[in-house]
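A short write-up of the structure that comes next.
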Amino acid sequence: MMYSRKTFEEIEEAETDVWSCTNEDCNGWMRDNFSFTDRPSCPLCQTEMQKEARVLPVVENATKKTVTG
């Protein structure tokens, strides 16, 4: 039997601004550059969200963010 050691490309990670749900029973969060408003509501439970930072894989958003209050 032959075993192969595949080398995987390292995934680039960076500190990213995210919105996190303030409801303790909800795990909802979203990247800031993928939200459509300045103060989004949680898409899962409609609770207020707060801004924080997380280290996440880098994802480019090709759509320009337009802020709609």
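Some points to look at:
- Percent carbon-and-sulfur accessible area, the chain, ignoring ligands, DNA and RNA, probe 1.4 Å: 49
- Among [x] 49, 15, 4; [y] 32, 17, 10; [z] 25, 13, 11, the entry that matches semi-axes √(5λ) of the Cα gyration tensor in Å as calculated here: [y]
- Entry comment: accessible area of the chain is 88 Å² per residue, from protein heavy atoms only and a probe of 1.4 Å.
- Relative contact order of the chain, defined on C-alpha pairs under 8 angstrom at six or more residues apart (%): 37
The values are calculated or read from the model by the stated rules, or taken from the named source; none is laboratory data. Remember, it's a predicted structure, so these values are computed and weren't measured experimentally. Ligands, DNA and RNA are excluded from the accessible area calculation, which covers all protein heavy atoms including side chains. Shrake-Rupley method; radii C 1.70, N 1.55, O 1.52, S 1.80 Å.
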